[in-house]
């Protein structure tokens, strides 16, 4: 039962800030709680490492220490949107976030509060047949934290869960049996939230997806017999980010890269052929992960967060060999800051920043990104007749709905054949 970091409770004025800590719950109303301001926490500080974050320690309540190896203190790290910013803007945002966290702690914020509530209701060992809605949602959060998701992903689930609990409390139904929550309840929750937060259709749909995950979990665990999310329609959206490069745009960006930055062209081609994420996966790619004789590449992120194998297209294999990547030491990163493999990897934002310059030269707007190369690859494979199952094997999509988002520029369905037989050169 670890990692009950529910984020920072911020003031209403903070909501006016760009990309403010939207996933953290506003709890100034609870500021009157009796908490020792001196002994319960250590002041938050800004940690400026490869990825910046705010660090603070909070004393673990006695009744939950057994779940934390009987330790007295627990370290929390909050990134929020710090690493999306650069230079002075990052410094200012980090200081603002640090001050908001400190203010919340001073006013009595306790990150272990939900966990203590959970224990108080004696839901650790078993849950009775009648399970209150609030307790059921907290049960979901507990299970999801054990999955070890990335903090950014976990915050989104916690945000949705907290908002649903708050909505249920407003309607005076948080302790109603979870089986009694209806489709009408969920539709009203989503509608009210969209109006209150001025959500776009995409934000509404994302909230719906997270809510549906909660109830799918409860359905699988047989706490409910049917999901109240079933039958709710998503709203229509029109996405422009990571746009597909049509023939004209692809010609423009290719020319700009070839003339002004051939190295970013190689990076663009790598994202295209491998359908790889440009930041996390590409920046962690090492030469030892390229299995030349088997034409496949091992993708791994962080310290064992996950790993996967990708088929290595002949086009990208030949490009790597042409750039003599196979001649560098195995432990080198494929992409370094000096335009060739390096013992040290690149920092966050390196690829995007470099790509922005050539995009401007190509006369394209910010909707066209390096990651759009992956989108274009999927569309090209689809246009050239590859079946959905084979494309999904390359992109590593686990369900069709997520994969289908990449086809929005075509409005297509399905087709035949295999990956290496169908691969246009760009």
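The values are calculated or read from the model by the stated rules, or taken from the named source; none is laboratory data. What you see is a predicted model; the values in this text were computed from it and never measured. With ideal geometry, Cβ positions are generated from the backbone for all residues, glycine too; neighbour counts draw on all protein chains shown.
Odds and ends about this structure:
- Verdict on residue 308 being within 29 Å of the chain's Cα centre (by Cα), surrounded by fewer than 18 Cβ atoms within 10 Å (Cβ to Cβ) and not in a loop (DSSP other than H, G, I, E, B): yes
- Scope segment 58-79; condition modelled with pLDDT of 85 or more, within 28 Å of the chain's Cα centre (by Cα) and either assigned to a loop (DSSP other than H, G, I, E, B) or crowded, with 17+ Cβ neighbours inside 10 Å (or both); matching residues: 58, 60, 74, 76, 78, 79
- Residue among 126, 122, 95, 100 that is assigned to a helix (DSSP H, G or I) and either surrounded by 18 or more Cβ atoms within 10 Å (Cβ to Cβ) or modelled with pLDDT under 85 (or both): 100
- Filtered residues of segment 186-224 (kept if assigned to a loop (DSSP other than H, G, I, E, B) and closer than 19 Å to residue 174 by Cα): 223, 224
- Residue check, residue 31 more than 12 Å from residue 110 (Cα to Cα) and modelled with pLDDT under 80: no
- Scan of segment 313-363 for residues that are surrounded by 12 or more Cβ atoms within 10 Å (Cβ to Cβ), within 26 Å of the chain's Cα centre (by Cα) and over 16 Å from residue 262 (Cα atoms), ordered by number: 333, 345, 346, 347, 348, 349
- Scanning segment 259-278 for residues that are crowded, with 18+ Cβ neighbours inside 10 Å and modelled with pLDDT under 85 returns 275, 276, 278.
- The residue of segment 242-258 that is surrounded by the most Cβ atoms within 10 Å (Cβ to Cβ), among those that are in contact (Cβ under 8 Å) with a residue 12 or more places away in the chain and assigned to a helix (DSSP H, G or I), is 253.
- Reported count of residues in segment 171-201, each being surrounded by 15 or more Cβ atoms within 10 Å (Cβ to Cβ) and under 19 Å from the mean Cα position of the chain (by Cα), is 1.
- Annotation note: of 161, 143, 133, the sole residue that is over 30 Å from residue 236 (Cα atoms) and modelled with pLDDT of 90 or more is 143.
- Cβ pairs under 9 Å, 6+ apart, first in segment 174-195 and farther than 16 Å from residue 230 by Cα, second part of a strand (DSSP E or B) and modelled with pLDDT under 95: 174/132; 175/132; 176/132; 177/132
- Screening residue 361 against (1) in contact with a helix residue (DSSP H, G or I) (Cβ under 8 Å, 6 or more places away or on another chain); (2) within 26 Å of residue 251 (Cα to Cα); (3) at pLDDT below 85 leaves a single unmet condition, (3).
- Within segment 41-72, the set of residues being without any contact (Cβ under 8 Å) to a residue 24 or more places away in the chain and touching a helix residue (DSSP H, G or I) at 6+ places or on another chain (Cβ under 7 Å) comprises just one member, 71.
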